[in-house]
Every structure is written in structure tokens, then in C-alpha cells.
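The numbers here are math on the coordinates, done by the rules we state, and not lab data. Just so we're clear, the structure is a prediction, and the values are computed from it rather than from any experiment. Here the Cβ positions follow ideal geometry from the backbone for every residue, glycine too, while neighbour counts run over all protein chains shown.
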Amino acid sequence: MNALDNILNRVSARSLTEPHPTQEEMDIVFKGALRAPDHAWLRPSSFIQVTGEGIDRLSEIFEEYAKTVPDIKDEIITKYKNAPYRAPMIVILVNSVNEHPKVPEIEQKLSTAASAQNILLSLNALGYSAIWRTGKLAFNPFVASKLNLKVNQEILGYIYIGTADGTNKKIPQLDIEDFVSYL
Ligand SMILES: Cc1cc2nc3c(=O)[nH]c(=O)nc-3n(C[C@H](O)[C@H](O)[C@H](O)COP(=O)(O)O)c2cc1C
């Protein structure tokens, strides 16, 4: 796939199904993720790949979290519990903040966000689809501790991965003049 076509035509999938990428393909995807811009090469990004029984474990963690929320409705507990089953594979985006005199925390998070975009583009180039999700289960210390993250680590989001099920969303045609100014 042409590199610019990949950028211009990538779209997040509404619904995801099998097949998901092979480990060989995911190794390429993670290599791409680690080519994100990274001030001072602090390596703030890391990833947890979740499939199979890992999806069941994530579902248990999400349910456990839901049950800690005061006055939560049963339907919301079920929604959290079912969330990981929306795709055959998930990559959890983890950001590690390290003290640095020239690289503030925000820059380290921006680097991990850039790695997420590299993941989306690499998956698209390999013929798969994905969607980046956050919600209450991201930036969530309870879920982070259940995943054994360290105190300087945070979940920035979840990339749900698989093959697009159904038709893709139409890509919005935006007028660049509405978004770009010239000096
Ligand atoms: C940081 C971040 C968090 C997001 N969280 C969610 C989310 O929790 N749920 C959701 O449906 N879309 C979420 N999105 C949006 C989708 O990933 C996607 O970008 C959006 O549906 C637009 O589709 P497109 O990527 O094809 O333009 C998030 C996007 C970003 C960048």
C-alpha cells in the first residue's frame, strides 16, 4: 500500500472480528510503534497485547473495577465486562513517565500517542482494522494495578484490533482551509 494512501484512507472500524494479526505481523506493528518520535529517547511507550484468555482476564478486571464504583447500575457492570469482547485482539497503550530536565510528562504522553497512530497505520497497511478507545477504563489506577503496572505507568488507551466487520465509515471530506492558516 502506498504510504500516503494509507494515511489518507485509514478509518476506524465500527465493528471488529477475526482474523486478527499473527504474532509475526504484530512484531512489525510494535517495531513501527517504537519508531514514534521520542524526545531524548526516554522510551515512554510500552504495550500489552491481549488475546484469547487474556481477553477473559481483562473482562474480569473491568468487571472488578465496575463493582468498585458506588451506585453503579447492573447494566453498566455488564457493559464493562463485555467491553473486551468487541475485538479478537487488544493492545493496551502504557505510558511510563520518567523524570527528565528537558522532557516534561506531557511530551512523554504525546510520544506514546504518536506510537498509537503508528500502530493504527501499520495495521491498516497490513489489511487489518482497529479503533482507539479510552473511556473510564483508561487513565484508571485500579485497572493499572490489576495489570501490575508501576506507579509511574498509566494506561493511555486501548487499541481494539481485528478485521472490519461490515462496511467502513465514510471518510469525512474536510476543507483544509478551515484548519490551516498561513503566516
Ligand atoms: C485518545 C483517543 C481516545 C478515544 N476514545 C474513544 C472511545 O473511548 N470510544 C470511541 O468510540 N472512540 C474513541 N476515540 C475515537 C476513535 O478512535 C476514532 O478516532 C473515531 O471514531 C473517528 O474515526 P476515524 O479514526 O476513522 O476518523 C478516541 C480517539 C482518541 C484519539
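Tabulated data for the structure shown
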| item | result |
| --- | --- |
| Sparse-neighbourhood loop sites, trypsin sites (Lys or Arg not before Pro) in the range 62-152 - DSSP loop, at most 16 other Cβ within 10 angstrom | 67, 73, 102, 150 |
| Label-point separation in nm, residue 23 to residue 11, each point 7 Å along Cα→Cβ | 3.4 |
| Spin-label model distance (nm) - residue 69 vs residue 100, 7 Å beyond Cα toward Cβ | 3.4 |
| Three-way shape label, the range 75-167, alpha-carbon gyration tensor, a/c 1.5 | oblate |
| Which listed pairs, of 79/150; 67/146; 73/136; 102/146; 73/170, have C-alpha distances above 24 Å, in listed order | 79/150; 102/146; 73/170 |
| Nitroxide proxy distance, nm - points 7 Å out along Cα→Cβ at residue 114 and residue 31 | 2.0 |
| Three-way shape label, the chain, alpha-carbon gyration tensor, a/c 1.5 | oblate |
| Extension gain, residue 76 back to residue 170 (0.36 nm per residue minus Cα-Cα distance, nm) | 30.8 nm |
| Gaussian network model of the chain, springs between alpha carbon atoms under 10 Å - residue of 74, 27, 56 with greatest fluctuation | 74 |
| Point-charge dipole on Cβ atoms (K/R +1, D/E -1) for the chain, about Cα centre, debye to 20 | 140 |
